[in-house]
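J.: Structure incoming, see below.
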Amino acid sequence: MKTVYHKADSRGHANHGWLNSYHTFSFANYQNRDRTNFGVLRVLNDDTVSQGMGFGTHPHRDMEIISIPLEGDLEHKDSMGTTAVIRKGEIQVMSAGTGVMHSEYNKNKDEEVKFLQIWVFPRELNVEPRYDQKSIREGEKINGFQQILSPNKNDEGVWIHQDAWFNLANFKKGNGKNYMLNKKGNGVYAFVLKGSAKIGDRILNERDGLGIWDAQSFNIEAVEDTEVLLMEVPMELPSYLK
């Protein structure tokens, strides 16, 4: 098993006043040649948006974009005609494909919005743009893995154009479980949302990240009550990026 460890305070940071953002991988003005991506996982941004503020309309294409609210709610509008609000306990996906315009706003006047913005390279270019969101609250599992994303349209959670599986691991202190990878050649990026967990010989604290590859499985154990996002993705980049 090979690993790469990213301590929370080693991430890139940009505070724009209305937006406070931490970048696990190179993004905008934060450029680190050693932290461009983890396989097809291209962006992992930990964003806080101030009251009444947001991202104005901007374009995307040929990217799978996933948003997971951690606190508050965020309004989404796009050129496909979608207007929606995503809240804690939900997951949103947008396949940008041939091109889409969208905006995201915190319309609340009394609370911030905290959410993860995740970008994954698709397996192919120029797919038809699409939007989806689902509640993941009903499927919450204690001391287990809850699948929230996969490549399969009829599977649990949302789906994307990539052989990726995302799971939320929610463990009480002292509990643990073995995670089995779904596909050979994939790796897993573990990101601690709260608490602390042990993977291999490494203790991970809140907002620490650990990339794992060349492994068929690994064990995760809660040092204290813990929530971890496990993002399993192909380690080999698609041919259009080579």
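J.: If you go through region 11-25, how many residues are more than 15 Å from the chain's Cα centre (by Cα), among the polar types (S, T, N, Q) and open to solvent by less than 50 Å² (accessible area, probe 1.4 Å)?
T.: Qualifying residue count, region 11-25: 1.
J.: Sticking with this structure for a sec: Out of Asn126, Asn108, I need the residue that is modelled with pLDDT under 95, of a type in the set (S, T, N, Q) and touching a Gly at 6+ places or on another chain (Cβ under 8 Å). Which one?
T.: Sole residue among the options that is modelled with pLDDT under 95, of a type in the set (S, T, N, Q) and touching a Gly at 6+ places or on another chain (Cβ under 8 Å): Asn108.
J.: How about region 135-191: which of its residues are among the aromatic types (Phe, Trp, Tyr), open to solvent by 10 Å² or more (accessible area, probe 1.4 Å) and more than 16 Å from Thr226 (Cα to Cα)?
T.: Correct list: Trp159, Trp165.
J.: Examine region 227-242 for a residue that is under 30 Å from Glu128 (Cβ atoms), of a type in the set (Ser, Thr, Tyr), outside any loop (DSSP other than H, G, I, E, B) and open to solvent by 60 Å² or more (accessible area, probe 1.4 Å), and state whether such a residue exists.
T.: yes
J.: Just give me the residues in region 165-201 being charged (D, E, K, R) and part of a strand (DSSP E or B), in sequence order.
T.: Within region 165-201, Lys177, Lys194, Lys198 meet the criteria.
J.: Moving to a separate point now. Among the numbered conditions (1) of a type in the set (Gly, Ala, Ser); (2) open to solvent by less than 10 Å² (accessible area, probe 1.4 Å); (3) more than 13 Å from the chain's Cα centre (by Cα); (4) over 19 Å from Phe121 (Cβ atoms), tell me where Gly200 comes up short.
T.: With (1) of a type in the set (Gly, Ala, Ser); (2) open to solvent by less than 10 Å² (accessible area, probe 1.4 Å); (3) more than 13 Å from the chain's Cα centre (by Cα); (4) over 19 Å from Phe121 (Cβ atoms) applied to Gly200, the lone miss is (2).
J.: Another question, then. Every residue in region 46-66 that is of a type outside the set (A, V, I, L, M, F, W, C) and open to solvent by less than 20 Å² (accessible area, probe 1.4 Å), please.
T.: Residues satisfying the conditions are Asp46, Asp47, Gly54, Glu64.
J.: Among the strands (runs of 3 or more DSSP E) contained in region 1-90, which hold 3 or more residues that are more than 25 Å from Ser196 (Cα to Cα)?
T.: 54-60, 73-78, 83-87
The values are calculated or read from the model by the stated rules, or taken from the named source; none is laboratory data. Since we're looking at a predicted model, the values are computed, not measured. Cβ coordinates were reconstructed from backbone atoms using ideal geometry, including for glycine residues, and neighbour counts include every protein chain displayed. Each accessible area value is taken on the protein alone, full model and side chains, heavy atoms only, with ligands, DNA and RNA left out. Shrake-Rupley method; radii C 1.70, N 1.55, O 1.52, S 1.80 Å.
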